[in-house]
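J.: Please read through the structure below; I'll follow up with questions.
The values are calculated or read from the model by the stated rules, or taken from the named source; none is laboratory data. Keep in mind that this is a model prediction, so the values were computed, not measured. Here Cβ is always computed from backbone atoms with ideal geometry, including for glycine, and neighbour counts include all displayed protein chains.
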């Protein structure tokens, strides 16, 4: 029996399609969805009969479970993989929603996987591993948010086949294993998604895909962001001093730390783009053997806040300003000073005030660097 197909492109109201798909999942039926890379079949994890229909449609690959667990966000991943490492958290936060699946060890007794029906666990866990996806297509994302309970995803076909990138290909591979299909035309990228196994301090690409290993390596880096007001004095000096300190810790040159997995930047809560560092900052950094002449200011933006792992502010008011605009970043924004005292603002003052400011910043950085977990001569992640 052929599945019912809804052409999303011809729908007058996408919300009605979402409701119909959610209802089908809640009733234990299987639904085909587009993602940005391929078409998948979804089923609600609490309906073991639906999961049983999905397992025969996929070819299990070495080191991976048969099915994927669809999660709503990087934060929700911790419910299923409580031991997800900081490196894994960085990859998840920066790649999701998107075409990267993360494989983690299923070895935590508090994982919600253990609360699922046996058929769901059998489909989701293979070789002691669990595969997590947050596809980027809004239709599937909206349905997952509305459905009570987790969603299981099947990518039908053999290991040798390319992904199903149209609704027609999905139907051809699924036979009677699918009840409803949401057709949104050819998948946007029409390429395999990338699958990475994440361990404590590194990752391994199990299946190459649209996101390259080099890109994932960059996205797994620790990103530290310094914030002041105008991004011409305090935060640029903090960025430059910390870059020098991290380079010494890693045993490399300051311009090589990005390749060692650490990205350092700075911004201002009231900055204009493209302003040069102040004269006092230039002179003061020259005392440390640092050339700040190439610095250009940038305003603090939502992407910067979202990407940063650690945001160190020069004052408590800077932290308050960031949290007022980006409250979701609360666990990543901290005043640079461990005792929360403000770093003196040298703007408009003599160079000696800048030097006092730099010494103050340097002392704070020395007390903070170990919190990043970067042992001497090694690479984090």
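J.: Run down 70, 28, 89 and say which single residue is free of Cβ contacts under 8 Å to residues at least 40 places away in the same chain and under 22 Å from residue 211 (Cβ atoms).
T.: The unique qualifying residue is 89.
J.: Inspect all residues belonging to the range 335-351 and state whether any of them is in the same structural domain as residue 271 (by TED's automatic domain parsing), without any contact (Cβ under 8 Å) to a residue 12 or more places away in the chain and part of a helix (DSSP H, G or I).
T.: No - not one qualifying residue is present in the range 335-351.
J.: Would you confirm whether any residue within the range 247-259 is in the same structural domain as residue 329 (by TED's automatic domain parsing), crowded, with 20+ Cβ neighbours inside 10 Å and not in a helix (DSSP H, G or I)?
T.: No, that holds for no residue.
J.: Name the residues in the range 282-302 that are surrounded by 21 or more Cβ atoms within 10 Å (Cβ to Cβ) and either within 17 Å of residue 365 (Cα to Cα) or under 23 Å from the mean Cα position of the chain (by Cα) (or both), would you?
T.: Listed by number, the residues that qualify are 284, 285, 300.
J.: Moving on. Considering only the range 125-154, how many residues are over 30 Å from residue 16 (Cβ atoms) and outside any loop (DSSP other than H, G, I, E, B)?
T.: Of the range 125-154, the ones over 30 Å from residue 16 (Cβ atoms) are 125-131.
Keeping just the survivors that are outside any loop (DSSP other than H, G, I, E, B) gives 125-126, 129-131.
The number of residues fulfilling the criteria is 5.
J.: Picking from 56, 34, 48, which residue would you name as being touching a residue at least 60 places away in the same chain (Cβ under 8 Å), surrounded by fewer than 17 Cβ atoms within 10 Å (Cβ to Cβ), under 21 Å from residue 175 (Cβ atoms) and over 17 Å from the mean Cα position of the chain (by Cα)?
T.: Just a single option satisfies the conditions, and that option is 56.
J.: How many of the residues making up the range 270-290 are in a loop (DSSP other than H, G, I, E, B) and within 25 Å of residue 352 (Cα to Cα)?
T.: Within the range 270-290, residues that are in a loop (DSSP other than H, G, I, E, B) and within 25 Å of residue 352 (Cα to Cα) number 9.
J.: If you go through the range 314-329 one residue at a time, do you hit one that is within 28 Å of the chain's Cα centre (by Cα) and modelled with pLDDT under 95?
T.: Yes, there is a match, as at least one residue in the range 314-329 is within 28 Å of the chain's Cα centre (by Cα) and modelled with pLDDT under 95.
J.: Sticking with this structure for a sec: Could you run through the range 209-227 and say how many residues are at pLDDT below 95 and in a loop (DSSP other than H, G, I, E, B)?
T.: Result for the range 209-227: 2.
J.: Scan the range 132-143 residue by residue and report those that are under 18 Å from residue 8 (Cβ atoms) and either surrounded by fewer than 24 Cβ atoms within 10 Å (Cβ to Cβ) or touching a helix residue (DSSP H, G or I) at 6+ places or on another chain (Cβ under 8 Å) (or both).
T.: Once the filter is applied, which keeps residues that are under 18 Å from residue 8 (Cβ atoms) and either surrounded by fewer than 24 Cβ atoms within 10 Å (Cβ to Cβ) or touching a helix residue (DSSP H, G or I) at 6+ places or on another chain (Cβ under 8 Å) (or both), the range 132-143 yields 135, 136, 137, 138, 139, 141, 142, 143.
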